[in-house]
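Below is one structure, written out as structure tokens; the observations come after it.
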Amino acid sequence: MQSFADAGVRPHTLAALAALGITEPVPVQAQAIPPLLAGRDVVIEAPTGSGKTLAFLIPMVERLPRRGAGPRALIVTPTRELALQVEKVLRSLASDLRSAVLYGGVGYATQRLALRNGVDVVVGTPGRILDLVSQGKVSLSRIEYLVLDEADEMLDAGFAPAVEKLLGLTYEPQTVLASATMPAWVTRMIEKHTHDHEEVRVESETEVDLEHGLLRVARENKLQTLSRVLRRHGGSAIVFGRTKHGVSKLNGHLRQLGHNSVELQGNLSQAIRDRAMASFRDGRSLVLVATNVAARGIDVDNVGLVVNFELPDSAQWLTHRVGRTARMGVAGRALTFVTPEDELAWVKLSRQGAPDIRELDAKRFLDEGSWHYQEHRPAHAPRPVASGKPTAGRNRRRRWPARSAAGR
């Protein structure tokens, strides 16, 4: 497939794509669109920012011209933000398919009205979709096209029961599973929920310009160290924590230290989450402090730094978090903090397939802002940790220097 027209995409959709500045398919679209247009189930594994959303939306628009009662397409996402983002992309295709976004954290009135007026496509999170099904406001019995976006999370323990219920309410729809990571354990679930599927696996089409360093830091010094890192960086950054309470507390501390930060976590109302994301996207807030809710699927341009303030629970989550930077050929940096108390968790992540991240020379990094790495040291050798305190005579606000071969 050299062009969208080669696959038989209609002129109306071609015009909508051209209006978006999209004239040629990227690799994931070139590989996924033909089998989807042919009615095949497809499993898509491709990096964040690689074009997966259009890869499953274009065939849906082409195969489901509006007719009769619906909904006939269902797209399930793990977060409200991703659901809204997917529906926005769908609307940009200027199709005549009517859509509704169903997610929790807001009232029911607007969503019920959209369903009552008739929809062809439902995009939403599992809990709210099931809630409205149980109220008799929407039926999934006519679903012909089903997408699990961020499929590995959708099929993991937290979401799996609700997703299984949703799938049980449909009857043999064409199914798409899409994610940046498809760990081995997902294979059994893929076989269960797809029929004679085709697999599309795409590496990044451009070399990822990512510099990722591991910084050992004492637990009591983590906050001050993070503050120094953010001041030196000076640009857009996402800081990841583990829990909703921890993220809220960390954001409060950063604001007390003078950082223009906002938080994104599940205890916030949708209106507050929307304002936080708008502020971060527009550059009014330079720092987004978030749980893993910000690690998947959400597109924010020009994030120059990702900080794993707390380690994730799996190597896959590390991949998704770090994937928020160094996107679409733009350089990015990532820092992963490891305290002495984190050592066992870090070993576990390494065994799960986490990348071999080079360890930064903590003193030179914090004093000079230079990305120099530790020489190889025996396992029994003492490991220096960042104190978080500035060395006398140093400029705390000194910028990181440009990268050099020595610093890589």
| Can you name the residue in region 246-257 that is surrounded by fewer than 17 Cβ atoms within 10 Å (Cβ to Cβ) and either of a type in the set (Phe, Trp, Tyr) or within 12 Å of Glu310 (Cβ to Cβ) (or both) and, of all such residues, is nearest to the chain's Cα centre (by Cα)? | Gly246
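If you take the residues of region 343-356 that are hydrophobic (A, V, I, L, M, F, W, C) and over 14 Å from Val217 (Cβ atoms), which of them is surrounded by the most Cβ atoms within 10 Å (Cβ to Cβ)?
Applying the first criterion (hydrophobic (A, V, I, L, M, F, W, C)) to region 343-356 yields 344-347, 349, 354.
Filter again for over 14 Å from Val217 (Cβ atoms), leaving 344-345, 347, 349, 354.
Numbers: Leu344: 8, Ala345: 15, Val347: 11, Leu349: 23, Ala354: 20.
Per the criteria, the residue is Leu349.
One line per residue, one yes/no per condition, for (1) polar (S, T, N, Q); (2) over 21 Å from Asp96 (Cβ atoms); (3) assigned by TED's automatic domain parsing to the domain that holds Ala326:
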residue	(1), (2), (3)
Gln29	yes, yes, no
Pro34	no, yes, no
Ala38	no, yes, no
Leu54	no, no, no
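Just checking, which of Gly127, Gly168, Gly158 is more than 20 Å from Leu36 (Cα to Cα) and within 17 Å of the chain's Cα centre (by Cα)?
Gly158
Among what's in region 316-332 and is among the β-branched types (Val, Ile, Thr) and modelled with pLDDT of 80 or more, pick the residue that is surrounded by the fewest Cβ atoms within 10 Å (Cβ to Cβ).
In this case the residue turns out to be Thr319.
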| request: Please tell me if Ser3 is under 30 Å from Ala290 (Cβ atoms), modelled with pLDDT under 95 and part of a loop (DSSP other than H, G, I, E, B). | output: no
| query | Residue check: is Val119 outside the structural domain of Gly323 (by TED's automatic domain parsing) and modelled with pLDDT of 90 or more? | reply | yes
| request: Would you mind listing the helices (runs of 4 or more DSSP H) fully within region 10-97 where at least 3 residues are surrounded by fewer than 20 Cβ atoms within 10 Å (Cβ to Cβ) and of a type in the set (A, V, I, L, M)? | output: 11-19
| remark: If we keep only residues of region 301-335 that are touching a residue at least 40 places away in the same chain (Cβ under 8 Å) and closer than 17 Å to Ala278 by Cα, then the residue farthest from the chain's Cα centre (by Cα) is Asn302
| task | Any chance you could count how many residues in region 258-273 are without any contact (Cβ under 8 Å) to a residue 60 or more places away in the chain and part of a helix (DSSP H, G or I)? | result | 1
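The values are calculated or read from the model by the stated rules, or taken from the named source; none is laboratory data. This structure is a prediction, so every number in the text was calculated from the model and none was measured. Don't worry about glycine lacking a Cβ; one is built from the backbone with ideal geometry, like all the others, and counts go over all protein chains shown.
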